[in-house]
Amino acid sequence: MGRAEPTAAMQAHVADAKLAVLATTGPRGPHVAPVWFLYRDGEFLLSTGVHRQKAKNIQRDDRVGLAVLAEAGTPAVMIDGRARLDHIDSFGLVAELAERYLGTEAGADYVRRLSTELKPATLWRVVVHPTSWKSWALEKDAVSP
């Protein structure tokens, strides 16, 4: 059973970690995808294309799982939550994500390339509101895999 609020160690982990996997439920069962994310004001922010499977799955069923892992795979923080899709009207979130994952220069190059291929209206901002938090190999009371 998870906890309703994250511990300080969980918050520090998700603020520093960059490896995350989003789980949604598709028409044929689970769908799992690696994602870039930001953790801000108690919510996880992601971006995806409007035609991507994870977006279609969230439109059908907003229940999601998110695993945020250290590069070595442990420790990890697992979140159950509800996702909301918001239309993006600019590449601001994409630029933040790209800079976090690629660095300033490569992130700006990524956004420039993307902006020539796509319009912001073809992207969703995915907001994951956690409802349950668990950790693995992070704290004394962490769950086992």
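Coordinate-derived values only; no laboratory data. Just so it is clear, the structure is predicted and the values come from calculations on it, not from any experiment. Glycine gets a Cβ as well: all are built from the backbone with ideal geometry, and neighbour counts include every protein chain shown.
Assuming a viscosity of 0.890 mPa s and a temperature of 25 °C, what translational diffusion coefficient in µm² per second does Stokes-Einstein assign to the chain, Rh being the Kirkwood radius over Cα pairs?
D, rounded to a whole number, is 156 µm²/s.
Simple spin-label model, 7 Å along Cα-to-Cβ: Leu19 to Val50 in nm?
The modelled label-to-label distance comes out at 3.5 nm.
Would you please give the FRET efficiency between Arg100 and Arg60, computed as 1/(1 + (r/R0)^6) with r the Cβ-Cβ distance and R0 = 25 Å, to the nearest 0.05?
For Arg100 and Arg60, the calculated efficiency is 0.30.
Under 14 Å Cα-Cα from Lys54, which aspartates and glutamates qualify once same-chain neighbours fewer than 8 residues away are excluded?
Counting by Cα, and skipping residues close in sequence, Lys54 has these aspartates and glutamates nearby: Asp62, Asp86.
Once you have a ≥ b ≥ c as the square roots of the Cα gyration tensor eigenvalues for the stretch 66-116, tell me rounded if a/c is under 1.5, and otherwise prolate or oblate according to whether a/b is larger than b/c. Working shown, then result.
Working: a/c = 4.12, a/b = 1.42, b/c = 2.90.
Note, shape of the stretch 66-116 comes out oblate.
Show me the trypsin sites (Lys or Arg not before Pro) within the stretch 67-145 that DSSP assigns to loop and that have at most 13 other Cβ atoms within 10 Å of their Cβ.
Lys140
So what's the gap between the Cα centers of the stretch 74-126 and the stretch 31-67, to the nearest angstrom?
Taking the Cα centre of each part, the stretch 74-126 and the stretch 31-67 sit 11 Å apart.
Report the net charge of residues surrounding Arg113, where surrounding means a beta-carbon distance below 15 angstrom and charges are Lys +1, Arg +1, Asp -1, Glu -1.
Net charge around Arg113: -2.
First select every other residue whose beta carbon is under 13 angstrom from the beta carbon of Phe37; then total the charges, Lys and Arg +1, Asp and Glu -1.
+2
Taking 0.36 nm per residue of separation and subtracting the Cα-Cα distance, what length does fully extending Arg84 through Asp109 add?
The span from Arg84 to Asp109 would gain 6.2 nm if fully extended.
Before rounding to the nearest 500, sum -39500 (n - 2.57) across all DSSP H runs of length at least 4 in the chain and divide by the residue total; then give [θ] at 222 nm in deg cm²/dmol. Before the final figure, lay out each step's value.
Values: 4 runs with 42 residues, N = 145.
When only DSSP H runs of four or more count, the value is -8500 deg cm²/dmol.
By counting other Cβ atoms within 10 Å of each Cβ, how are Ile58, Ile88 ranked from fewest to most?
Values: Ile58 23, Ile88 20.
In increasing order of surrounding Cβ atoms, one gets Ile88, Ile58.
Each residue of the stretch 24-39 in order: what ³J(HN,Hα) in whole Hz does its phi give by Karplus 6.51 cos²θ - 1.76 cosθ + 1.60, θ = phi - 60°, with x for Gly and Pro?
Going residue by residue, I get 10, 10, x, x, 10, x, x, 10, 10, 9, x, 9, 8, 8, 10, 10 Hz, with x marking Gly and Pro.
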